[in-house]
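Since the structure comes first, as structure tokens, the remarks are kept for the end.
What follows is calculated from the coordinates using simple rules that are stated; it is not laboratory data. If you're wondering where the values come from, they're calculated on a predicted model, not measured in any experiment. Note that we place each Cβ from the backbone using ideal geometry, even for glycine, and neighbour counts take in every protein chain shown.
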Amino acid sequence: MRCQHLFFAVMTICVPLVSGRAAVAAEEGPKSPAYVVYDTGTLGGTFAFGSGVSDVGWVAGASTTASGALHASLSIPGSVIDLGTLGGTNSAVEWPIKNNHGLVVGISETATVDPLGETFSCAAFIATNGHTCLPFLWHNGTLAALPLLGGNNGFATGVNNGGAAVGWAETARHDSSCVPPQQLQFEAVEWTSLAGPPHVLPPLTGDSTSAATALNDSGEVVGISGDCDVAVGAFSARHAVAWLNGRPTRLATLGGQGWNTPMAISNAGLIVGFSDTPGDVVGGVLTANFQAVLWTPEGIVNLHTLPGDQIAEATGVNDFGRIVGTSFDANGNPRVFLRDKDRMYDLNALVQPNAPLYLLQTGDINDRGEITGLACVLVGGVCGDEIHIFVAIVAPGDTVAANERMSVADRPHLSATLRARLAQHQLVRPNAAGTRDAQ
């Protein structure tokens, strides 16, 4: 007999050791995982997405309201909570957040007109309507602005179970590497309270700006370092970086000159994101050609894309090393991938038959294996024009071989309306050539 101590329960189960035919079957390799996907609903609108999922199953993201405004949201079983705004029309949670104690950070448009006419980083994710954008902390029904570094705008991306949050904020310094309308330098920051200035996480030597994208419960922070540029990826992400005790260390890349971006870091220290490959700059023009990547203590691992696709980004990783992300074909059509035990799967091939949603983008994965992101609502097996938050949970019982449920040919057609909705959410919008459209 072999006894197993279950991680999430105070009990011990003893089972016979595998022998005979079972041992032979085990040698044939692990079966593919299986998932059940469901729709969390919206705040009354027709567009919603999940960015992070905590270990208690709470999903942070955003949803349109019945009036068409986009509001940061928190989906818990049976309910979607509107987190509100800081005075403007729109807000959102745009990065994976795993806080298990009800802390949520994100970004919000304000009612204040930007005095420099900047659009800043937020405008790539939410409509800011010429107003400033502030990082927020939500807790127990209260939305509060996080402090800045002397500039007008900021962006919050992550908060850990110790209550520390990270992101980036503008300083009062005009940066010559900025591309108009951006004018002010920004630096990665860590917030430990709502009072007083945040702690600055400096860029690498020779770079002018930095941005923190994620942190774990040990306080390890990851992000980007580079030029000010347009304050949205691209050359702002010349380098991927990790901060240990506040000091930046350069992470390896795949050799590209931009879009080298960590998205998440597990408590085990695994980092995932995306990195451009050589040839991304031709004639001074940066063309996104990134691949999903994993950073380990041994270096960087190219996870590539799903078969037949062109570029990919990893957005979430859990403490058991399972990774989720989005893979795009040459026409920019997205689909969700899961990397489990060194194998890449199209998550759509692993969900229940006649699922109500087609899974387009991630999102995050928690330690229970639950995955979130955004998906189109299927109408008669075809993608309709509505996009909702999905949550995929691990299915019990036996599973089937991957890709037996669907193939690349089964990818549904995306209407022009649906593509426009996706473009509002995608930081990088690849066209047929895989280039980055102008912001």
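Here is how the numbers come out for the structure above:
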| item | result |
| --- | --- |
| Region 275-418: relative contact order as a whole-number percent, Cα under 8 Å and 6+ apart | 15 percent |
| Relative contact order of the chain, pairs being alpha-carbon contacts under 8 Å that are 6 or more residues apart, as % | 14 percent |
| Percent breakdown of C-alpha pair distances by 10 Å bin, ordered from the shortest bin, for region 77-236 | 12, 43, 35, 9, 1 |
| LEU204-ASP82 FRET efficiency (beta carbon distance; Förster radius 41 Å; 0.05 resolution) | 0.55 |
| Relative contact order of region 158-247, defined on C-alpha pairs under 8 angstrom at six or more residues apart (%) | 26 percent |
| Total charge dipole magnitude, region 314-404, about the Cα centre, Cβ charges on Lys, Arg, Asp, Glu only, Debye to nearest 20 | 120 debye |
| Principal axes of region 194-328: Cα extent on each, largest first, Å | 49, 39, 27 |
| Between helix 416-425 and the chain: long-axis angle, C-alpha atoms, 0 to 90°, nearest 10 | 70 degrees |
| From the C-alpha gyration tensor of the chain, square roots of 5λ in Å | 34, 24, 23 |
